[in-house]
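Structure record follows, encoded as structure tokens.
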């Protein structure tokens, strides 16, 4: 048995160098791969830079670009959002200050409101438009609701402020209005100027409503007159139905406004009315 082993042992000596060479070759290959991989990995490690983090900047950061208009746009430079908001607030404030409700006439679909717009008097009806994109949405006694194009609404009330203190003299109101005969009065220029200086207070001293019969306005019925007011001193009483003023029949709110505007400069005024069914004629003259 041992003799047979020795007989074929020379084969092991022949295979041993082959196996040893294969092992050394494999080891050399692995070592070379490791050696080559280190410089490459190191180089990439040195050249790779972290990606910077992107952050969102507020809109105010770009405001300077917009103000200077560096892109040469056709329009003017755009202002900031704060300026736009301020402009909207200013516009809303202007609406409130430029519109003053002087009085209302409530008659269903024919209701109307007397407003002072930019110091100009105008008679407006339901759904009628206002300067600036407004519309008369609702008319109540002493109140008007306006709808604006931006969706907002504005409520106007007849002012309850005390009469404005203007240039007044010591002339007594009784002396300012004097009787000149039956149903005739003389009114001093000073009394007229005082009434014009506080038109709002004058309109609040009496309340008139259109009397509509069969869809036709037959005049304006006096519902209320404040005692000691200019209207009361002119002989007008509660329950009077005013038919004509200076020959103009009061058969519509438009006619009422027309007469109202004429009276501001008139020197002579005539009024035809019904009192308890009896016709009366009053005349007034400014001296």
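A short reminder: the numbers here are calculations on the coordinates, not readings from a lab. Model, not experiment: these values are computed from the prediction. Cβ sites come from the backbone with ideal geometry, for glycine too, and all protein chains shown count toward neighbours.
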*If you take the square roots of the eigenvalues of the alpha-carbon gyration tensor of region 173-286 and sort them as a ≥ b ≥ c, do you get rounded (a/c under 1.5), prolate (a/b over b/c) or oblate?*
prolate
*What is the fewest-to-most order of 129, 243 by other Cβ atoms lying within 10 Å of their Cβ?*
129, 243
_Relative contact order of region 99-157, pairs being alpha-carbon contacts under 8 Å that are 6 or more residues apart, as %_ = 26 percent
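How high is the FRET efficiency from residue 142 to residue 179, r the C-beta distance, R0 51 Å, rounded to 0.05?
Numbers: r = 33 Å, r/R0 = 0.65.
The formula returns an efficiency of 0.95 here.
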*If you take every DSSP beta bridge whose two residues both sit in region 173-286, what share of them, in percent to the nearest 5, is antiparallel?*
85 percent
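Using only the Cα atoms of region 99-157, build the gyration tensor, take square roots of its eigenvalues as a ≥ b ≥ c, and label the shape rounded, prolate or oblate: rounded if a/c is under 1.5, else prolate if a/b is larger than b/c, else oblate.
oblate
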